[in-house]
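Enquirer: Please find one structure pasted underneath; my questions will follow.
The values are calculated or read from the model by the stated rules, or taken from the named source; none is laboratory data. In this text, all values refer to a predicted model and were calculated from it rather than measured experimentally. Here Cβ is always computed from backbone atoms with ideal geometry, including for glycine, and neighbour counts include all displayed protein chains. Side chains included, ligands, DNA and RNA excluded: accessible areas come from the protein's heavy atoms. Shrake-Rupley method; radii C 1.70, N 1.55, O 1.52, S 1.80 Å.
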Amino acid sequence: MAKDLRISFLLDFYGEMLTETQREVVDAYYNEDLSLAEIAQDRDITRQGVRDAIKRAEQQLLEMEERLGLARRFQDMQASLTAICDCAIAIQELNAAHGAVPQIDQQASKILERAEEIAVND
């Protein structure tokens, strides 16, 4: 069974919406890198039972992302924050090269601080 690494990412967003068994099995398979046989042995179920639970959970996670789009929005916001930080750094560099106005540097520093605060809180 080929691993779709998006599932591990989606598990972070939607894992609480799965059953406890589904969440644990998907976590073991994707995050702990256990084989189907190892998970089956640990949980005292068949390998096919593990595979079925993973497949159902994967489908549910993908459907939740399609409906809600939380992971996509998170990635978009991270990309936007990176672009904001890049612009603030470019402003600081241009300012330094063209007279170093302290207020411009202070404002660019505030932008960087706020962007970092937002990134940490997500």
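Enquirer: Looking at segment 11-20 only, could you name the residues that are in contact with a Leu (Cβ under 6 Å, 6 or more places away or on another chain) and open to solvent by less than 10 Å² (accessible area, probe 1.4 Å)? Walk me through how you get there before you give the answer.
Expert: Keep residues of segment 11-20 that are in contact with a Leu (Cβ under 6 Å, 6 or more places away or on another chain), which gives 13-14.
Hit for segment 11-20 is Y14, nothing else.
Enquirer: Only one of these conditions is not met by E65: (1) assigned to a helix (DSSP H, G or I); (2) free of Cβ contacts under 8 Å to residues at least 24 places away in the same chain; (3) surrounded by 14 or more Cβ atoms within 10 Å (Cβ to Cβ). Which number is it?
Expert: In the conditions (1) assigned to a helix (DSSP H, G or I); (2) free of Cβ contacts under 8 Å to residues at least 24 places away in the same chain; (3) surrounded by 14 or more Cβ atoms within 10 Å (Cβ to Cβ), E65 misses (2) alone.
Okay, residues lined up against (1) under 30 Å from S8 (Cα atoms); (2) open to solvent by 80 Å² or more (accessible area, probe 1.4 Å):
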position	(1), (2)
G69	yes, no
Q75	yes, yes
I84	yes, no
I91	no, no
H98	no, yes
D105	no, no
A108	no, no
V120	yes, yes
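Enquirer: Surrounded by 16 or more Cβ atoms within 10 Å (Cβ to Cβ), out of contact with any Lys or Arg (no Cβ under 7 Å at 6 or more places or on another chain) and more than 23 Å from R73 (Cα to Cα): is that true of R51 in this structure? Give the derivation first.
Expert: Working: surrounded by 16 or more Cβ atoms within 10 Å (Cβ to Cβ): yes; out of contact with any Lys or Arg (no Cβ under 7 Å at 6 or more places or on another chain): yes; more than 23 Å from R73 (Cα to Cα): yes.
Yes; evaluated as a whole, the condition is true for this residue.
Condition check ((1) of a type in the set (A, V, I, L, M); (2) closer than 30 Å to L18 by Cβ) across all residues:
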{"residue": "R56", "(1), (2)": "no, yes"}
{"residue": "Q60", "(1), (2)": "no, yes"}
{"residue": "M64", "(1), (2)": "yes, yes"}
{"residue": "A71", "(1), (2)": "yes, yes"}
{"residue": "L94", "(1), (2)": "yes, no"}
{"residue": "A97", "(1), (2)": "yes, no"}
{"residue": "V101", "(1), (2)": "yes, no"}
{"residue": "I104", "(1), (2)": "yes, no"}
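Enquirer: Determine the pairs where a residue that is closer than 13 Å to Y30 by Cβ and free of Cβ contacts under 8 Å to residues at least 60 places away in the same chain, located within segment 41-59, has a partner that is of a type in the set (G, A, S) and surrounded by 15 or more Cβ atoms within 10 Å (Cβ to Cβ) with Cβ atoms under 7 Å apart, the partner being 6 or more residues away or on another chain.
Expert: V50/A40
Enquirer: What residue, among those in segment 21-42 that are among the acidic types (D, E) and under 20 Å from L62 (Cβ atoms), is least open to solvent (accessible area, probe 1.4 Å)? Don't jump to the end; show me each part of the working.
Expert: Just the residues of segment 21-42 that are among the acidic types (D, E), to begin with: 24, 27, 32-33, 38, 42.
Still in the list and also under 20 Å from L62 (Cβ atoms): 24, 27.
Values: E24: 77, D27: 51 Å².
Per the criteria, the residue is D27.
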